[in-house]
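Take a look at the structure set out below.
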Amino acid sequence: MKPLLVHRTEIVNSAVGGWSVALTDCDGVVDELYRILTGWELTRQFATAESVADVSIRKTDGGYSWESRRLTTPKQWDEIPPRTVMNVVSDIHDVLFDWFLSANPYPCLHTGAVRIGDGLVCFPSVRSSGKSTLCAELVACGHPLFCDDVLPIVPDTLRGFAMGIAPMLRLPLPKASSATLKQFAESRRGISNQRWSYLYLMENEIAPFGTTAQIRHLVLLDRQRGGRARLVEIPAAEMLREVILQNFGSRTDPDTVLNSLHALVSSTPCLKLTYSDLGEAREMLERHCR
Amino acid sequence: MSQMSGQTEIRYARCDGINIKHVGSEAFFTSPVTKSVHYLNPSALALLKLLDSPRTLQDVMSVFASAFPETPPARLAEDLSHLMIELERLALIRDAGTS
């Protein structure tokens, strides 16, 4: 006789995000969502016969499966079902942007952003420029994180909108990482795989979902193998090319994207930071951007 | 992009209602065709300004030949032709009738 299987379904709901996910036999996933999401006003409850959720995720022998009633599904789940809690969590993390942007069609910067003083310093992404590591270095030294990857821009005010999602660091950390960063990353290390690790930040280290702040500086990063850090002004057109190239709010009306990003770069100092040493780069930003 | 129609030549003009933002000597615009934002380098922007009034490709060639005397005319004609085809595809310029 086969053993009786009792399936356990837990529903996690975000009041401010406007979504609910039912997780069946997904031990650990809800706990991890609570750890990586700040300010989403999550609640959890066991499912009843009447329970309905926007998304149902179920652990099966072949990996995790995903069914959606109305929200987008992560790419490739049908072809290659994820098999680890880390993959499920990071894929939910990714679709949260889609879900948010479908209700709030804001332009987005592909950027890291940290609050220094009373405003945000943004690092629009250039490949392998070290934005996530520099953000972590700044957070380790007391500057709260707004995002390490995606920053929606509120079109009317041009303020950055925090998604309240924990940052991910690529492993291993660069050899040039400061002792402060290494210690910080170790003490905040969360769920990880061989290539990536979440950082579980404390309450005062990450802006909760929905927090907004004025963008004070836009800084392109240029990481080099050696040499002293230097910070120089660059033409607004160079910055606009970069942020438009990186913008991925495909749901957003292109005129809104152009008008918002043009207004942003026209009213914000645009800089390029060339650096090799993270600590030196951080000190330069602290001096210049406070 | 057709250039000649019998003995007359097609004129081209900038389309109305295009959202263009100028930044220094460059500009960005949204195309109603691709529904995305595109970059205009200084040469493309100069061409667009020229087409505020309808002009033939030959008119445009004359102006650019004066501005870039060191560029061989054949090369200039080829570059301008490609640029105008691209701008027409993006609905930034249009056929404005024959001269």
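Bear in mind these aren't lab numbers, they're just calculated from the coordinates by the rules spelled out. Treat the numbers as computed from the prediction; the structure is a model and nothing was measured. Reconstructed Cβ throughout: ideal geometry from the backbone, glycine too, with neighbour counts over all protein chains shown.
Determine the gain in length on full extension of the stretch A:ASP98-A:ALA263; use 0.36 nm per residue of separation and subtract their C-alpha separation, reporting nm with one decimal. Could you put the intermediate results ahead of the total?
Numbers: separation 165, 0.36 × 165 = 59.40 nm, distance 2.43 nm.
Extra length from A:ASP98 to A:ALA263 when fully extended: 57.0 nm.
What lysines sit close enough to B:LYS35 to cross-link, taking a C-alpha to C-alpha distance under 20 Å and skipping anything fewer than 8 places away on the same chain?
Once the sequence-local lysines are set aside, what remains near B:LYS35 is B:LYS21.
Which chymotrypsin sites (Phe, Trp or Tyr not before Pro) does segment A:171-267 hold that lie in a coil by DSSP with at most 16 other beta carbons within 10 Å? Before the final figure, lay out the partial values.
On the way: sites: A:PHE184, A:TRP196, A:TYR198, A:TYR200, A:PHE209, A:PHE248; in loops: A:TYR200, A:PHE209, A:PHE248.
Those that pass, being in a loop and sparsely packed, are A:PHE248.
Given 37 °C and 0.692 mPa s, how large is the Stokes-Einstein diffusion coefficient of segment A:24-64 in µm²/s, with Rh as the Kirkwood radius over Cα pairs?
Working: Rh = 12.0 Å.
The calculation lands on 274 µm²/s.
Once a ≥ b ≥ c are taken as the square roots of the eigenvalues of the Cα gyration tensor of chain B, is the result rounded (a/c under 1.5), prolate (a/b larger than b/c) or oblate (a/b not larger than b/c)? Spell out each step's value before the answer.
Numbers: a/c = 1.96, a/b = 1.25, b/c = 1.57.
Taking the square roots of the gyration eigenvalues as a ≥ b ≥ c, chain B is oblate.
Measuring from a point 7 Å past the Cα of B:HIS82 along Cα-to-C-beta, which residues in segment A:237-266 have an amide N at less than 18 Å?
Of the residues in segment A:237-266, none has backbone N under 18 Å from the label point off B:HIS82.
Against the empirical 2.2 N^0.38 Å scaling, what ratio does the C-alpha Rg of chain A come to?
Details: Rg = 20.1 Å, N = 290, 2.2 N^0.38 = 19.0 Å.
Relative to the rule-of-thumb radius for its length, chain A sits at 1.06.
Can you work out the base-10 log of I(q)/I(0) for segment A:142-192 at q = 0.21, 0.24, 0.26 1/Å, using the Debye formula on its C-alpha atoms alone?
Per q value, in the given order, log10 I(q)/I(0) is -0.87, -1.01, -1.10.
Taking a temperature of 4 °C and a viscosity of 1.567 mPa s, what whole-number D in µm²/s does Stokes-Einstein yield for segment A:1-136 with Rh from Kirkwood over alpha carbon pairs? Spell out each step's value before the answer.
Values: Rh = 17.0 Å.
Translational diffusion coefficient: 76 µm²/s.
Assuming 0.36 nm per residue, please report the length gained on full extension of the stretch A:ARG83 to A:GLU50 beyond their Cα-Cα distance.
Values: separation 33, 0.36 × 33 = 11.88 nm, distance 2.86 nm.
Separation in residues times 0.36 nm, less the Cα-Cα distance, equals 9.0 nm.
Roughly speaking, what is the stretch gain from B:THR71 to B:SER36, that is 0.36 nm per residue apart minus the C-alpha to C-alpha distance, in nm to one decimal? Intermediate results must be reported in sequence, preceding the final value.
On the way: separation 35, 0.36 × 35 = 12.60 nm, distance 3.21 nm.
Stretched out fully, the B:THR71 to B:SER36 stretch lengthens by 9.4 nm.
Which shape class, rounded, prolate or oblate, goes with segment A:135-228 when its Cα gyration tensor gives a ≥ b ≥ c as root eigenvalues, a/c under 1.5 marks rounded, and past that a/b bigger than b/c marks prolate?
Values: a/c = 2.02, a/b = 1.37, b/c = 1.47.
Since a/c reaches 1.5 but b/c is at least a/b, the shape of segment A:135-228 is classed as oblate.
Distance between the C-alpha centers of segment A:155-205 and segment B:51-99? Whole Å please.
Cα centres, segment A:155-205 to segment B:51-99: 51 Å.
Could you give the nm distance between label points at B:ARG94 and A:THR180, where each point is 7 Å from its Cα heading toward the beta carbon?
5.9 nm
May I ask you to list the lysines whose Cα is less than 22 Å away from that of A:LYS182, ignoring any residue fewer than eight positions away on the same chain?
Correct list for A:LYS182: A:LYS131.
Report, in whole Å, the centroid distance computed from the Cα atoms of segment A:42-62 and segment A:220-251.
If you average the Cα positions of each part, the centres end up 42 Å apart.
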